[in-house]
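Structure record follows, encoded as structure tokens.
FYI, it's all coordinate maths here, none of it is from the lab. Owing to the predicted nature of the structure, the values given are computational and were not obtained by experimental measurement. Glycine gets a Cβ as well: all are built from the backbone with ideal geometry, and neighbour counts include every protein chain shown.
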Amino acid sequence: MRQTPQISKLTSLRAGFAVLSIFALSGLAPQAFAADPAPMAPAAETKAAVLAKPKVDAAAGESLYNSGDASRGVVACITCHGPKGQSAVATWPKLSAQHAAYTAKQLKNFKEGTRVNAIMMGMSMPLNEQDMINIGTFLSQQAPSQGVAQSKDALALGKSIYGGGIASKGVPACAGCHSPNGAGIPAQYPRQGGQWAEYSYNQLVNFREGTRKNSTQMTTIATKLSDQEMKAVSDYMAGLH
């Protein structure tokens, strides 16, 4: 059957439009693929973050604790804090069995100046984050100190404050954070059991007077305690184990 001139013209126009459409689509396709975001970028960032996380090396921590590192100006901790973290006098805290994260945080605070102590600020300055973690890990693996409460007269008061707080002053029980036996809660609250009573008392005073500022919670609590209450609870904690 013969097509009319109008039908032939319409057929030609449709064919031409189809060809143009093919060329247009083929031109857009490479641009669409080029616009796709590069895959796996988040995974690469995650992997880098994992690789950057410091590894724990208790042996390296033990070496720094016992011998220091003269090449970097690191002084041995054992001189003041004693073998395995068991200091001989209350001037220096006992560090044995202390939580690794807590010890590392204190060293970092000394280095940054957010916890002030002339000697410890100087001692921590040559340490890097890896050193702090290593030293803390070594100390956390040592046997806890077995202290003894010295004041029988203050024992009842200290036990009451530690186990039940002082409701009339809004003082919470110490055991809530430092645990009933003084072992503390890892990475959050330090071990207090067996610590020198004099050292614990001095820290409470420092918190109260604002000379130690690296724990808002302890500053709030210490400002509500009297000297008698501080001494009583500090002595009681010394006998916990």
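Pairs 111/224; 111/159; 169/231: which exceed 25 Å Cα-Cα?
Exceeds cut-off: 111/224; 111/159.
Pairwise over distinct Cα atoms, reciprocal of the mean inverse distance: report the Kirkwood radius of the stretch 143-191 in Å, one decimal place.
Across the stretch 143-191, the inverse of the average 1/r is 11.8 Å.
Quick one: dipole size for the stretch 59-189, taken about the Cα centre, charges +1 on Lys/Arg Cβ and -1 on Asp/Glu Cβ, in debye to the nearest 20.
Here the size comes out at about 320 debye.
Decide, for the stretch 155-241, between rounded, prolate and oblate: order the square roots of the alpha carbon gyration tensor eigenvalues as a ≥ b ≥ c, take rounded if a/c falls under 1.5, and otherwise choose prolate if a/b is larger than b/c, else oblate.
rounded
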